[in-house]
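This report refers to the structure that appears directly beneath it.
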Amino acid sequence: MGVTMVMIGGLTSILWSAELISDSKDQKPAKKTEKRLTGAELYAINCNRCHPERYPTEWNPGQWKTVMTHMRVRANLPAAQAKQILKYLQEDSGN
Amino acid sequence: MKIRSLIFGVVTIGCVTSLVLSLRASAAVSDEDFNALKNTVQQMGERIQGLEQTHQQDQQQIQQLKQQLGETQTIATNAAQKAEVAARVQPVHPVPPGSSATHNFTMVGDAEVQFGKVDGGHSAFVLADFAPIFLFRASDDALFEAGFDITLQNNTDQNGNRAAGSSTALNLSFAQLDYLLNDYVTIVAGDMLLPLGTYSERSAGWLNKIPDDPLVRDVLPGNGVGIQLRGSLPAGQSGQMITYSVYGVNGPSSSSTNGTANASDLDLGGNVGNTPNWHSNPGAGGRIGWFYPWKAHYDLELGISGQSGEWSDSGNRLWSAAVVDAALHLGPSFELKGEYMNTWVETDDVGTISPRGWWIQGAYKLSGLDLEFPVINNVELVGRYDTINNNLGAKTDRYTLGYVYYLSNTLLFEGDYEFLHGDGAHNDFVLQLSYGF
């Protein structure tokens with residue numbers, strides 16, 4: 001029972017924190033923008049850590065969307081980075 | 001236009017004829033003039049005949065076009081009537097603008113074939129594994145994924161002795177629904193790969209540069225049925241991030257049928273069926289990780305994870321685990337990674353035991369030497385030390401030296417020799433061809 005309550009409390013805290021982060025990002029004052037990494041740079045950082053690199057031409061754009069969703073979950077990639085990497089892969093994807 | 005031409009022609013002939021007659025009445029006509037006039041009249045006659053034929057053809061064509069027009073009008077009328085009937089049956093929904101998320105099915109996975117020899121035994125070829133992963137993307141935010149392990153094995157009888165024939169073992173390695181709640185939270189539910197360390201999630205056959213798993217992974221469950229929240233919080237724009245996972249699962253259970261919780265009853269993977277949880281409460285666990293890249297191919301990842309929960313039927317015995325994991329990349333050629341894990345198992349017969357161990361693995365791609373030899377540049381040298389101590393008197397150490405030859409980015413030819421030390425230990429030699437798809 002105790003473990004269940006802890007688990008429920010933990011899940012609730014995570015969801016509540018995520019909502020607060022989403023809201024606070026809207027309210028923060030603009031700060032000096034840092035250079036954003038490109039899709040190619042993010043691909044080089046993340047996509048060779050666990051497996052040899054996969055070439056963009058190996059899949060078509062729709063398949064890349066599915067594969068990147070799988071990789072975003074499996075590698076715990078931030079959403080913005082996953083979208084950038086997907087865009088990079090789709091630009092040179094196969095048919 | 002053609003009618004007018006015809007009329008002009010007739011009038012011309014009439015005028016010419018009148019003129020001829022009047023000229024004959026008033027004066028005599030020479031033979032030359034008569035013949036010229038005759039020729040002119042003949043030419044006029046032929047031209048008139050040609051115009052008449054053309055006129056007839058035009059009339060026929062007009063008739064055909066009228067007929068086709070009639071048929072087209074009939075077809076259009078029928079289609080309009082059918083559309084009207086269909087519209088009455090089903091309401092028409094406007095197609096949303098832009099591209100919509102469509103159902104998308106993709107298969108990835110890997111397959112391995114091995115040739116191995118254990119000291120004192122015969123060598124043999126083995127279809128080690130065919131492990132497809134099915135990915136079904138139902139929408140932009142939802143993915144269902146399931147992985148299987150399909151292996152061939154020699155038959156054995158109920159006593160474990162050799163028997164005729166072979167059998168196919170089919171195991172569900174994971175089956176989970178992933179829902180991207182927002183940019184920071186993903187909900188995962190089903191039979192999940194557990195984030196205890198990183199090996200379970202990132203060690204599919206062809207990803208592991210050594211054909212077999214570290215010994216110590218046997219003290220942990222690789223997957224469990226439950227629900228999980230996971231996500232990532234980027235820190236700055238350099239690629240640094242904090243990752244998290246928190247989950248609840250049924251957890252380990254006792255395989256005993258009489259309610260005992262002795263050390264030998266511990267079952268790490270058996271609490272998954274459609275019967276109630278073997279013990280009253282689920283277990284819980286999670287992982288926090290920090291990933292820091294200082295540039296591409298130069299990065300450090302550290303993580304700490306754990307799980308705890310009841311495992312006995314009565315609920316009075318706890319099973320807990322803690323894992324520390326680390327991975328370091330120094331350039332595209334060098335990799336070092338490892339895990340340390342410790343478990344605590346409360347038992348009825350031997351008190352609390354701590355099965356534990358660790359492994360460390362290094363790999364170096366010879367392309368980093370910058371030599372002008374194509375074969376050498378496709379070779380990666382791998383070494384690993386792993387150890388397991390079951391805390392009941394059995395300890396095994398293993399040293400593995402091997403290589404990976406990259407036939408392509410997804411087709412790997414691996415080989416290694418394993419030196420084992422411990423009770424009942426034996427050296428092994430393995431060659432493996434693995435393909436990731």
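The values are calculated or read from the model by the stated rules, or taken from the named source; none is laboratory data. Everything numeric here is computed off the predicted structure, so don't read it as measured data. Positions of Cβ are generated from backbone atoms using ideal geometry, with glycine treated the same way; all protein chains shown enter the neighbour counts.
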Does any residue of the stretch B:356-367 turn out to be over 26 Å from residue B:329 (Cβ atoms), loosely packed, with under 15 Cβ neighbours inside 10 Å and touching a strand residue (DSSP E or B) at 6+ places or on another chain (Cβ under 6 Å)? no
Among the candidates B:386, B:397, B:348, which residue alone is more than 28 Å from residue B:419 (Cα to Cα), more than 14 Å from chain A (Cβ to nearest Cβ) and in contact (Cβ under 8 Å) with a residue 12 or more places away in the chain? B:348
Every residue from the stretch B:263-286 that is assigned to a strand (DSSP E or B) and more than 9 Å from every other protein chain (Cβ to nearest Cβ): B:266, B:267, B:285
Out of the stretch B:138-183, which residues are of a type in the set (A, V, I, L, M) and under 23 Å from residue B:270 (Cα atoms)? B:146, B:150, B:152, B:169, B:170, B:172, B:175, B:177
Quick one: residue B:335 ticks every box in (1) within 12 Å of another protein chain (Cβ to nearest Cβ); (2) more than 30 Å from residue A:45 (Cβ to Cβ); (3) of a type outside the set (Gly, Ala, Ser) bar one, so which box is it? (2)
Residue check: is residue B:232 in contact with a strand residue (DSSP E or B) (Cβ under 7 Å, 6 or more places away or on another chain) and in contact (Cβ under 8 Å) with a residue 40 or more places away in the chain? yes
Which residue pairs have Cβ atoms closer than 8 Å, lie 6 or more positions apart in sequence or on different chains, and pair a first residue in the stretch B:42-69 that is in contact (Cβ under 8 Å) with a residue 24 or more places away in the chain with a second residue that is of a type in the set (S, T, N, Q)? B:44/B:12; B:51/B:5
Considering the stretch B:117-151 alone, what residues qualify as being out of contact with any helix residue (DSSP H, G or I) (no Cβ under 9 Å at 6 or more places or on another chain) and either buried (at least 20 other Cβ atoms within 10 Å of the Cβ) or outside the structural domain of residue B:211 (by TED's automatic domain parsing) (or both)? B:128, B:129, B:131, B:147
Tell me which residues, restricted to the stretch B:265-286, are surrounded by fewer than 20 Cβ atoms within 10 Å (Cβ to Cβ) and touching a residue at least 60 places away in the same chain (Cβ under 8 Å). B:272
Filter the stretch B:310-323 down to residues that are without any contact (Cβ under 8 Å) to a residue 60 or more places away in the chain and in a strand (DSSP E or B) and give me whichever is nearest to the other protein chains (Cβ to nearest Cβ). B:310
If you go through the stretch B:209-232 one residue at a time, do you hit one that is facing chain A (nearest Cβ under 8 Å) and modelled with pLDDT under 95? no
Candidates B:248, B:289, B:239 - the one that is under 27 Å from the mean Cα position of the chain (by Cα), in a loop (DSSP other than H, G, I, E, B), crowded, with 17+ Cβ neighbours inside 10 Å and at the interface with another protein chain (Cβ under 10 Å from one of its Cβ atoms): B:239
Residue check, residue B:259 against (1) surrounded by fewer than 20 Cβ atoms within 10 Å (Cβ to Cβ); (2) in a strand (DSSP E or B); (3) without any contact (Cβ under 8 Å) to a residue 60 or more places away in the chain, all met but one. Which one? (2)
Assess whether residue B:427 counts as being surrounded by fewer than 20 Cβ atoms within 10 Å (Cβ to Cβ), over 30 Å from residue B:305 (Cα atoms), touching a residue at least 24 places away in the same chain (Cβ under 8 Å) and in contact with a Ser or Thr (Cβ under 8 Å, 6 or more places away or on another chain). no
Taking residue B:176, is it farther than 30 Å from residue B:415 by Cα, facing chain A (nearest Cβ under 10 Å) and not aliphatic (A, V, I, L, M)? yes
Picked from the stretch B:182-206 (must be more than 7 Å from every other protein chain (Cβ to nearest Cβ) and without any contact (Cβ under 8 Å) to a residue 40 or more places away in the chain), the residue surrounded by the fewest Cβ atoms within 10 Å (Cβ to Cβ) is B:189
